[in-house]
Amino acid sequence: MSAYFTEDGSVEAVNGRMSADANPRLAEIMASLVKHLHAFAKETKLTPEEWEVGIDFLTKTGQICSGERQEFILLSDTLGFSMLVDAINNRRPTGATENTVFGPFHVPNAPVREMGTNISLDGKGEPCLFEGRVLDLDGNPIEGARVDVWSDNADGYYDVQQPHAQPKWNNRGIFVTGSDGRYSFVGIKPVSYPIPDDGPVGQMLGYLGRHPYRPAHMHYLVTAPGFQKVVTHTFVGDDPYLQSDTVFGVKDTLIAPFERGTDNQTAWRSPFDFVLVPVHRAESISCNEDQRA
Ligand code: BEZ
Ligand code: FE
């Protein structure tokens, strides 16, 4: 094959330049990326005008990024890429709580709160009691698990999106389990909301005839010493966007009951147990393993 660039030999021309001293994992990833990128251009017979639109889109995606906004992650999320990478890296045994997309609105070091605390500081929305246990795969309670929770408010915005309109740490908190593995807090019954769609990713969704909405959910980051961390949500079952989450985050096992509350304080109650996998079972078989083979 010629050492010069040809259409047929395009992949070899590029990948052949890599030094044998390059980091082996980087070399593997870049060689595969070049192979698939070239195959994409060949399959679609990409024109120079279309190439330019793509470059312009990626340039704008980068330009809108800031400390508070990560448009590339939004792009990854809306292309299903975040969920795919998460799925590949978090294959868990049946019965373990599944992961879903992390999203851009987690804030580290939220206040550690007493069990049962109301985290809705703006007083908006329908109060909902969230409660359950953090368990191991055998159903034993896990003591010392940190249940870090966050959600949008009743208007569909996270506190960090409205720093001047919402109290700091609105709808956020960390709850640490005792020996019974139990957690409980009062939040609001979640409401669906659009992801930030005023940038290039929102424009892309518009051109593709896709809506920007996420179905109502409560976010959880559950950690415990000796166990794999769980990044997940619970979803409200009757949400109109459940089947069309713009970031593909919904899983059957994450749809939680939302029942009418029994006291005056909380209009709703949502019970949900988290089941964690020990760290040493990192390579455990997914419940979908058979379907993938
Ligand atoms: C979220 O649920 O907070 C979220 C996830 C992905 C993109 C945007 C928002
Ligand atoms: Fe969210």
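If I ask for residues that are surrounded by fewer than 17 Cβ atoms within 10 Å (Cβ to Cβ) and touching a Ser or Thr at 6+ places or on another chain (Cβ under 9 Å), which ones from the stretch 219-241 would you list? Before you say what the answer is, go through the steps one by one.
First, pick out the residues of the stretch 219-241 that are surrounded by fewer than 17 Cβ atoms within 10 Å (Cβ to Cβ): 225-226, 229, 237-238, 240.
Selection gives Lys229, Pro240.
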Quiz prompt | Counted residues, the stretch 109-135 - those being more than 16 Å from ligand 2 (Cβ to nearest atom) and either of a type outside the set (Asp, Glu) or over 21 Å from Pro190 (Cβ atoms) (or both) | solution = 18
Practice problem: Find all pairs meeting these conditions: Cβ atoms under 6 angstrom apart; at least six residues apart or on different chains; first residue within the stretch 81-103 and hydroxyl-bearing (Ser, Thr, Tyr); second residue in a loop (DSSP other than H, G, I, E, B). | Solution: Ser82/Val101; Thr94/Cys287; Thr100/Gly249
Quiz item: Is at least one residue of the stretch 259-282 out of contact with any Gly (no Cβ under 9 Å at 6 or more places or on another chain) and farther than 25 Å from Glu131 by Cβ?
Solution: yes
Exercise. Test Arg214 against the stated conditions and say whether it is more than 16 Å from ligand 2 (Cβ to nearest atom) and closer than 19 Å to Val149 by Cβ.
Key: no
Quiz prompt | Given (1) surrounded by fewer than 17 Cβ atoms within 10 Å (Cβ to Cβ); (2) under 29 Å from Asn171 (Cα atoms); (3) in contact (Cβ under 8 Å) with a residue 12 or more places away in the chain; (4) not small (Gly, Ala, Ser), number of the condition Cys65 does not satisfy | solution = (3)
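From Gly156, Gly202, grab the single residue that is free of Cβ contacts under 8 Å to residues at least 12 places away in the same chain, within 19 Å of the chain's Cα centre (by Cα) and either surrounded by 15 or more Cβ atoms within 10 Å (Cβ to Cβ) or more than 16 Å from ligand 2 (Cβ to nearest atom) (or both).
So the residue among Gly156, Gly202 that is free of Cβ contacts under 8 Å to residues at least 12 places away in the same chain, within 19 Å of the chain's Cα centre (by Cα) and either surrounded by 15 or more Cβ atoms within 10 Å (Cβ to Cβ) or more than 16 Å from ligand 2 (Cβ to nearest atom) (or both) is Gly202.
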Quiz item: Does Ile174 meet the test of being more than 16 Å from ligand 2 (Cβ to nearest atom), closer than 30 Å to Ser76 by Cβ and buried (at least 16 other Cβ atoms within 10 Å of the Cβ)?
Solution: yes
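No value in this document is a laboratory result; all are computed from the given coordinates. As the structure is a computational prediction, the values presented were derived from the model and not from experiment. All Cβ positions, glycine included, derive from the backbone under ideal geometry; neighbour counts span all protein chains shown.
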